[in-house]
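> First, the structure itself, so that you have it in front of you.
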Amino acid sequence: MKLTHLNESNNPKMVNVAMKEDTQREAIASGKITMSKEAYFAILDQKIKKGAVLQTAVVAAIMGAKKTSEIIPMCHNIFLSGVDIEIKQDDEVCAFILQAKVKTCGKTGVEMEALSAVSIGLLTIYDMAKAIDKTMVISDILLESKSGGKSGEFRR
């Protein structure tokens with residue numbers, strides 16, 4: 001099997017996507033952060049000293065999607081046509097579920113951008129609430145679906 005990210009000298013390379021067709025592409029990823037009841041309700045009641053946690057996490061997630069190629073070595077710099085972030089509450093387990101939907105029309109997919117958005121958004125929640133609860137757990141970061149490109153549709 002030939003590895004796509006190694007050149008003839010066995011050195012890392014970024015794949016050339018110049019000959020690929022532009023297609024509409026979308027990726028949806030999600031993840032969860034679980035915390036103490038105290039931290040959970042402090043966030044909901046906007047009593048965190050650092051400010052509006054969930055709104056800041058949304059902005060951070062969007063920035064995470066936009067900066068993916070700067071932090072993941074083999075990712076291409078992609079024009080993103082849209083990034084939509086949604087945060088849902090789970091009162092039963094004191095958790096927030098963050099979902100990122102990322103879109104582009106281009107030569108390569110946006111799975112990494114969606115996963116980066118989720119990771120950065122959840123890390124932002126952790127950062128802003130860690131004074132109350134250092135035991136928060138970030139989990140279940142996964143690709144839910146992707147569409148477009150040669151490999152076509154994927155649904156978990």
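> Where does helix 53-66 land angle-wise versus the long Cα axis of the chain, in degrees 0 to 90, nearest 10?
Its long axis makes an angle of about 10 degrees.
> Follow-up question, since we're still on this one. If I model a spin label as a point 7 Å beyond the Cα along the Cα-Cβ vector, how far apart are those points for L44 and K67 in nm?
3.1 nm
> Given only helices, namely DSSP H runs of n ≥ 4 each adding -39500 (n - 2.57), what is the per-residue ellipticity at 222 nm of the chain, to the nearest 500 deg cm²/dmol?
-9000 deg cm²/dmol
> Now for a different question. Roughly what would the spin-label model give for T135 and H76, points 7 Å off Cα along C-beta, in nm?
Computed distance between label sites T135 and H76 equals 4.6 nm.
> Please order V93, V59, V83 by the number of other Cβ within 10 Å, starting at the fewest. All intermediate terms of the calculation are to be shown ahead of the outcome.
Details: V93 10, V59 14, V83 21.
In order of increasing Cβ crowding within 10 Å: V93, V59, V83.
> A further question on this structure: Using the Cα centre as the reference, give the magnitude of the dipole from point charges on the C-beta atoms of region 38-131 (Lys, Arg: +1; Asp, Glu: -1; all else neutral), rounded to the nearest 20 debye.
380 debye
> While we're on this one: Taking only C-alpha pairs under 8 Å that are 6+ residues apart, what is the relative contact order of the chain in percent?
37 percent
> At 7 Å along Cα-to-Cβ for each site, give me the label-to-label distance between V93 and V17 in nm.
3.3 nm
> Follow-up question, since we're still on this one. Tell me, E86, E111, E70 in order of fewest to most beta-carbon neighbours within 10 Å?
Going from sparsest to densest Cβ surroundings: E70, E86, E111.
> Also, quick follow-up: Going by a ≥ b ≥ c, the root eigenvalues of the Cα gyration tensor, does region 58-130 fall in the rounded group (a/c under 1.5), the prolate group (a/b larger than b/c) or the oblate group? Don't skip to the end; give the middle numbers.
Working: a/c = 2.82, a/b = 1.88, b/c = 1.50.
Cα axes put region 58-130 in the prolate bin.
> Sorted from fewest to most neighbouring beta carbons within 10 Å, what does the list M136, M19 look like?
Working: M136 20, M19 6.
Listing M136, M19 from fewest to most nearby Cβ atoms yields M19, M136.
> While we're on this one: Sorted by average packing, counted as other Cβ atoms within 10 angstrom per residue and highest first, what order do 62-68, 36-42 take? Intermediate values should be presented prior to the final figure.
On the way: 62-68: 20.9, 36-42: 17.3.
Packing order, densest peptide first, comes out as 62-68, 36-42.
> Moving on to the next point. Using the Karplus curve 6.51 cos²θ - 1.76 cosθ + 1.60 with θ = phi - 60°, work out ³J(HN,Hα) for each residue of region 102-111 in order, rounded to whole Hz, and write x for Gly and Pro.
Listing the rounded values in order: 10, 10, 7, 10, x, 9, 8, x, 10, 4 Hz.
Here, each number is a calculation from the coordinates, and none is a lab measurement. As the structure is a computational prediction, the values presented were derived from the model and not from experiment. With ideal geometry, Cβ positions are generated from the backbone for all residues, glycine too; neighbour counts draw on all protein chains shown.
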